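Take a look at the structure below.
The values are calculated or read from the model by the stated rules, or taken from the named source; none is laboratory data. Given the structure is predicted, the values throughout are model-derived calculations rather than measurements. Here Cβ is always computed from backbone atoms with ideal geometry, including for glycine, and neighbour counts include all displayed protein chains. Surface accessibility is based on the protein's heavy atoms, side chains included, excluding ligands, DNA and RNA. Shrake-Rupley method; radii C 1.70, N 1.55, O 1.52, S 1.80 Å.
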Amino acid sequence: MRSDVTVIFDARRTVDLSVDVAPSPQAASDARDWFEAAWDTLGCEPLRPSGKVLLLDKIMGVADALGYDVLSSDAKESGEFAQHAALALDKPRIIVDLPGLSVGY
């Protein structure tokens with residue numbers, strides 16, 4: 001499956017990524033585990049006052065922590081992020097809107 005992942009950092013900075021993935025239940029589980037590990041490694045903080053962290057929050061937090069510079073210039077990091085987002089959500093089009101605090105598909 002081809003998946004296009006867009007990360008919006010602000011009105012002037014957007015990163016468009018495309019990956020080809022082979023979805024499976026195991027791949028989705030591994031992708032969720034990758035976001036959990038990246039969330040911890042990057043020191044991300046919960047977005048909600050309740051402290052509850054959902055998968056979509058982890059995707060936004062990891063994208064924000066990696067930042068525009070990394071996702072726009074580091075092919076390995078950006079490819080890994082896009083691949084895991086596509087596998088975790090199993091969607092052909094994903095939009096990570098950091099200013100809007102949303103992930104749409």
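Out of the residues in region 30-50 that are under 16 Å from Ala85 (Cα atoms) and surrounded by 13 or more Cβ atoms within 10 Å (Cβ to Cβ), state the one that is nearest to the chain's Cα centre (by Cα). If you could, list the steps in order and put the result at the bottom.
To start, the set of residues in region 30-50 that are under 16 Å from Ala85 (Cα atoms) comprises 30-39.
With the extra rule that they be surrounded by 13 or more Cβ atoms within 10 Å (Cβ to Cβ), the set shrinks to 30-32, 34-36, 38-39.
Details: Asp30: 14, Ala31: 10, Arg32: 10, Trp34: 10, Phe35: 8, Glu36: 11, Ala38: 10, Trp39: 11 Å.
Applying the filter and picking the extreme gives Phe35.
Residue check: is Leu56 open to solvent by less than 40 Å² (accessible area, probe 1.4 Å) and touching a residue at least 24 places away in the same chain (Cβ under 8 Å)?
Working: open to solvent by less than 40 Å² (accessible area, probe 1.4 Å): no; touching a residue at least 24 places away in the same chain (Cβ under 8 Å): yes.
Against the criterion (open to solvent by less than 40 Å² (accessible area, probe 1.4 Å) and touching a residue at least 24 places away in the same chain (Cβ under 8 Å)), Leu56 does not qualify.
Quick one: in region 85-105, which of the residues that are open to solvent by 60 Å² or more (accessible area, probe 1.4 Å) and at pLDDT 95 or above is farthest from Thr6 (Cα to Cα)?
From region 85-105, those open to solvent by 60 Å² or more (accessible area, probe 1.4 Å) are 90-93, 95, 99, 101, 105; that's our starting set.
Imposing the further condition that a residue be at pLDDT 95 or above reduces the set to 90-93, 95, 99.
Values: Asp90: 15, Lys91: 12, Pro92: 11, Arg93: 8, Ile95: 5, Pro99: 13 Å.
Among them, the one singled out is Asp90.
Would you point out the residue of region 17-66, among those that are charged (D, E, K, R) and not in a helix (DSSP H, G or I), that is modelled with the lowest pLDDT? Don't jump to the end; show me each part of the working.
As a first pass, look at region 17-66 and keep what is charged (D, E, K, R): 20, 30, 32-33, 36, 40, 45, 48, 52, 57-58, 64.
Remaining after also requiring not in a helix (DSSP H, G or I): 20, 45, 48, 52.
Working: Asp20: 97, Glu45: 89, Arg48: 76, Lys52: 83.
The residue in question is Arg48.
Between a residue in region 18-45 that is within 21 Å of Ser3 (Cα to Cα) and in contact (Cβ under 8 Å) with a residue 60 or more places away in the chain and any residue that is assigned to a helix (DSSP H, G or I) and open to solvent by 70 Å² or more (accessible area, probe 1.4 Å), which pairs come within a Cβ distance under 7 Å, given they are 6 or more apart or on different chains?
Note: pairs meeting the criteria are Val19/Gln83; Val21/Gln83.
Kindly indicate which of Val7, Val70 is among the β-branched types (Val, Ile, Thr) and in a helix (DSSP H, G or I).
Details: Val7 fails: in a helix (DSSP H, G or I).
After ruling out the rest, the residue left standing is Val70.
Considering every residue within region 62-84, establish whether at least one is among the hydrophobic types (A, V, I, L, M, F, W, C), loosely packed, with under 15 Cβ neighbours inside 10 Å and on the phi < 0 side of the Ramachandran plot. Break it down into steps so the answer makes sense when it comes.
In the first step, residues of region 62-84 are kept if they are among the hydrophobic types (A, V, I, L, M, F, W, C); the result is 62-63, 65-66, 70-71, 75, 81-82.
Add one more test, that the residue is loosely packed, with under 15 Cβ neighbours inside 10 Å, and what stays is 75.
Next cut, on the phi < 0 side of the Ramachandran plot only: 75.
Checked region 62-84: at least one residue is among the hydrophobic types (A, V, I, L, M, F, W, C), loosely packed, with under 15 Cβ neighbours inside 10 Å and on the phi < 0 side of the Ramachandran plot.
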